[in-house]
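All remarks here apply to the structure that follows.
The values are calculated or read from the model by the stated rules, or taken from the named source; none is laboratory data. The structure displayed is predicted, hence computed values, not measured ones. FYI the Cβ positions are ideal-geometry reconstructions off the backbone, even for glycines, and counts take in every protein chain you see. What goes into the accessible areas is simple: the full protein's heavy atoms, side chains included, and nothing from ligands, DNA or RNA. Shrake-Rupley method; radii C 1.70, N 1.55, O 1.52, S 1.80 Å.
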Amino acid sequence: MVNLSGAETAAILAVSAAGAVCLLLAASSAWKRARSRTPGRETLARSFMNTSPSLMVALDELGRVFMVNQAFLDRLGYAEDEALGRDFIPMFVPERDAGHTAGNIDHALSSMEMVTFDGALRTMDGQEVHMTWRARALPAKHRRTVLLAGIDITDYQRAQEALASSERRYRLYAENVRDVLWVLDTDLRYVYISPSVFQLRGYTQEEALSLPMEKVFTRDSLFNLLKAVGNVESMLASGKTFDPQATLKLELEQYCKDGTTRWTEIIANLLLDDTGKHIGFLGITRDITDRKNAQESLRLSEERYRTIFETTGTATIIVREDTVVSLANSEFERLSGYPKEAVEGTMSWKDFVMEEDLGRVIAYHDARGRDPSSVPRSYEFRFKDRFGRIRNVIANATLIPGTTMSVVSLLDITERMEAEERLRISREQLRNLHRHTQELRESERASVAREIHDELGQVLTALKMDLSYLGRRLEPSQETLRAKVAAMGRSIDASIDAVRKIIMELRPGILDPPGLVPAIEWQAQEFQERTGIRCRLNVSSQEVPLDRDVSITVFRIFQEALTNVARHAHATEVEVSLVASGQTVSLTIHDDGKGITRNELEDERAFGIMGMRERAFFCNGSCDIYTDDRRGGTTVELRIPIAGARVADDTGTSRG
């Protein structure tokens, strides 16, 4: 190893400390005050070189290596004795960069200024290392020497080929300048600190040197620092060996001049004198505030995610591409019966799916990884828990963006499906009861109609025959009696007509062959004659293929609609349309009256409207009643399915 002059030592320190222009170690007065407790300049320079992550090499006037640091040797794969004394450019520089590198070294020697350039090195095994060099001549009386400090930018340059090189280089330089180099004595007092402390904490170099540790670090960070230093000193005091090249890394929070704090990463080494005695610490401080903030944001984000994940109210899991459950919440524990520890990373999503549904669920899972839009986001399947119980669930699955994992939430709908089934059965029973009631009602009406026809009709017919007989027996001169008989005959005829109408109202025989269409036509004609409101019919020329009970329902709704027109609409005309299209029969009644309001539709005493809707519902149809905004008046639209008008009775309910 070659001995260095004081000027050469100061230059090495300047180049290695911040990688920028000429950092002065300290004012000469400061060095005089600190000389008693700091090592020699040469020792300090060598320590800085070996501590620095930069590759450093010193060349004599012939371009031969007379000093290198450990980073240079480690990166190129040489031992120190293999590098010292060798011609730098032929030995370490690729041929294509030889002229460029030699020219910059000559320029540094001749100008006595800092020269920055890019170049390449060749490792022992022939690989190339791309470098950014800073070269500066070392002042000396009897020889011309130059110091090169370089940063390995091999990986950076590879990335640079795909990105904007100027911006990336600028960022790299800026980050290097922000690093702060420092030297502490054994009492943890600053002996040296680089000017870049101003960028980090806002203090000048002189202000930072005078600060005690209590003003540098927050309370907790100072405690951690003193604890780490104490451990080192205890090891040294106990006689244990301590590798001087070993680094101490700490993350500590430092005060800034403006009262704020910055998180920093401290990388420190023991500082030893020529005899190996511990005389202090030297190291680098790097600002990691952004990284700490990002870590804290990530932690808070994870906490929020975990909170949401745990409080969704539904069983939720995260499923890997291989169907293994990587994460489960407490609701899934309750649904499955397994503790999370037994599920996460161990059990497959398939373990909870009934065999009959497994193929479909796996197909969805596989297809979601290829094209999420190709599969339904929600689907039902049967879920089996730890105890073999079967639950009906709705799964909502979503692929996590940028991953192959899916978030699956499971909603237990077993009770809802059971309630829906009970409701379905109840509705079916109600339909059957309604049908039975309607049959009884129509049967009673038919019976009453027959009784009226057979009894009252016969009596009236007999009276008319007897009265006709008496009339024929009267003398022409008995005009008063003959007039009386004629009046009685008219009364009997009116009674017969009334009986006929009552019978038709009770049981319109016209519904039996020929059927519904003639019944609608007859009812419209009778309504027009009775009320004076004109009826315009548009009905199918063929008979509508409905069974007898459904035909009665359609006819009764038609009757109720006409009754409402007569009572409430103040209309002058009614349009009636009866059309069979596909599997549906549609009956539309529209009047030109005043219309119907929402309050009237929702009136709990509107029994006629409720009856129309219920009749349609129990035939699996619908009955809509509304005011036509375009035409005015009220419209009743009835739609009844032609086939399968009723849901099959699988409840076992007797028709009675």
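The accessible-area ordering, largest first, of the residues 213, 417, 91, 488 stands as 488, 417, 91, 213, per a 1.4 angstrom probe.
Using a Förster radius of 60 Å, what is the FRET efficiency between residue 159 and residue 538 based on their Cβ-Cβ separation? Nearest 0.05, please. E between residue 159 and residue 538, to the nearest 0.05, is 0.15. The solvent-accessible area of residue 285, taken with every protein chain present and a 1.4 Å probe, is close to 10 Å².
Roughly what percent of Cα-Cα pairs across the stretch 408-455 reach past 12 Å?
Beyond 12 Å sits 72 percent of the P(r) for the stretch 408-455.
Normalised per residue, the accessible area of the stretch 550-630 is 50 Å², obtained with a 1.4 Å probe and no contribution from ligands, DNA or RNA.
Near the amide H of residue 392, within less than 5 Å, lie the amide hydrogens of 383, 413, 414, all on another chain or at least 5 residues away, with H placed in the peptide plane.
What 222 nm value per residue comes from the helices of the chain, counting each DSSP H run with n ≥ 4 as -39,500 (n - 2.57) and dividing by all residues, nearest 500 deg cm²/dmol?
Theoretical 222 nm ellipticity from helices: -14500 deg cm²/dmol.
Considering only 343, 390, 49, the residue lying farthest towards the positive end of the dipole of the chain is 49, judged by Cα position with unit charges set on Cβ. Using heavy atoms of the protein chains and a probe of 1.4 Å, the accessible area assigned to residue 602 is about 120 Å². The residue list 228, 264, 193 was ranked by how far each Cα lies along the charge dipole of the stretch 171-311 toward its positive end, using unit charges on Cβ atoms, and 264 comes out on top. Rolling a 1.4 Å probe over the protein chains gives residue 352 an accessible area of about 0 Å².
For the pair residue 528 and residue 465, a Förster radius of 30 Å applied to the C-beta separation gives a FRET efficiency near 0.35, rounded to the nearest 0.05.
Ranked from the most accessible area to the least, with a 1.4 Å probe and all protein chains present, what is the order of 477, 111, 194?
Values: 477 100, 111 35, 194 0 Å².
Largest to smallest exposure gives the sequence 477, 111, 194.
Pairwise Cα distances in the stretch 370-442 exceed 17 Å for 64 percent of all pairs.
Taking θ as phi - 60° and the Karplus parameters 6.51, -1.76 and 1.60, the scalar couplings of the stretch 400-414 work out to 6, x, x, 10, 10, 9, 10, 9, 10, 10, 10, 10, 6, 10, 4 Hz in sequence order, x denoting glycine and proline. On a C-alpha basis, how far is the centre of the stretch 114-156 from the centre of the stretch 204-239 in Å? Whole number, if you could? For the stretch 114-156 versus the stretch 204-239, the Cα centre distance is 34 Å. Rolling a 1.4 angstrom probe over the protein heavy atoms with all chains in place gives the stretch 284-443 an accessible area of 57 Å² per residue.
In degrees from 0 to 90, rounded to the nearest 10, what is the angle of the helix 355-370 Cα long axis to the longest principal axis of the chain? Tilt of helix 355-370: around 50 degrees. The share of Cα pairs per 5 Å bin across the stretch 99-146, counted from zero up to the longest distance, runs 5, 21, 25, 20, 14, 10, 5, 1 percent.
Against the 2.2 N^0.38 Å scaling, with N counting residues, where does the stretch 214-338 land? I'd like the Cα-based Rg ratio to two decimal places.
Normalised by 2.2 N^0.38 Å, the Cα Rg of the stretch 214-338 equals 1.68.
Annotation: extensible slack from residue 310 through residue 340 equals 9.6 nm (criterion: 0.36 nm per residue apart, minus Cα-Cα distance).
For the pair residue 474 and residue 206, the difference between a 0.36 nm per residue extended length and the Cα-Cα distance amounts to 81.4 nm. Solvent-accessible surface of the stretch 189-273, averaged per residue with a 1.4 angstrom probe and all protein chains in place: 55 square angstrom. Per-peptide packing, taken as the mean over residues of other Cβ atoms within 10 Å, places 297-306, 148-157 in the sequence 148-157, 297-306 from highest down.
In plain terms, the chain from residue 379 to residue 445 could stretch by 18.7 nm, reckoned as 0.36 nm per residue minus the Cα-Cα distance.
How many percent of Cα pairs in the stretch 293-349 exceed 16 Å? It would help to have the intermediate numbers written out before the result.
Numbers: 756 of 1596 pairs.
Result: 47 percent of Cα pairs exceed 16 Å.
Computed from phi, the 3J(HN,Hα) profile of the stretch 254-259 under the Karplus parametrisation 6.51, -1.76, 1.60 (θ = phi - 60°) reads 10, 7, 9, 5, 7, x Hz, with x in place of Gly and Pro. Amide H contacts for residue 405 (H built 1.01 Å from N in the peptide plane; partners 5 or more residues away or on another chain; cut-off under 5 Å): 400.
At an R0 of 60 angstrom, the distance between the Cβ atoms of residue 100 and residue 429 translates into a FRET efficiency of 0.05.
Computed from Cα atoms, the angle from the helix 457-473 axis to the main principal axis of the chain rounds to 30 degrees.
Ignoring any ligand, DNA or RNA, what whole percent of the accessible area of the chain comes from carbon and sulfur when the probe is 1.4 angstrom? That share works out to 52 percent. Taking the alpha carbon gyration tensor of the stretch 449-607, multiplying each eigenvalue by 5 and rooting it gives semi-axes of 40, 20, 14 Å, largest first.
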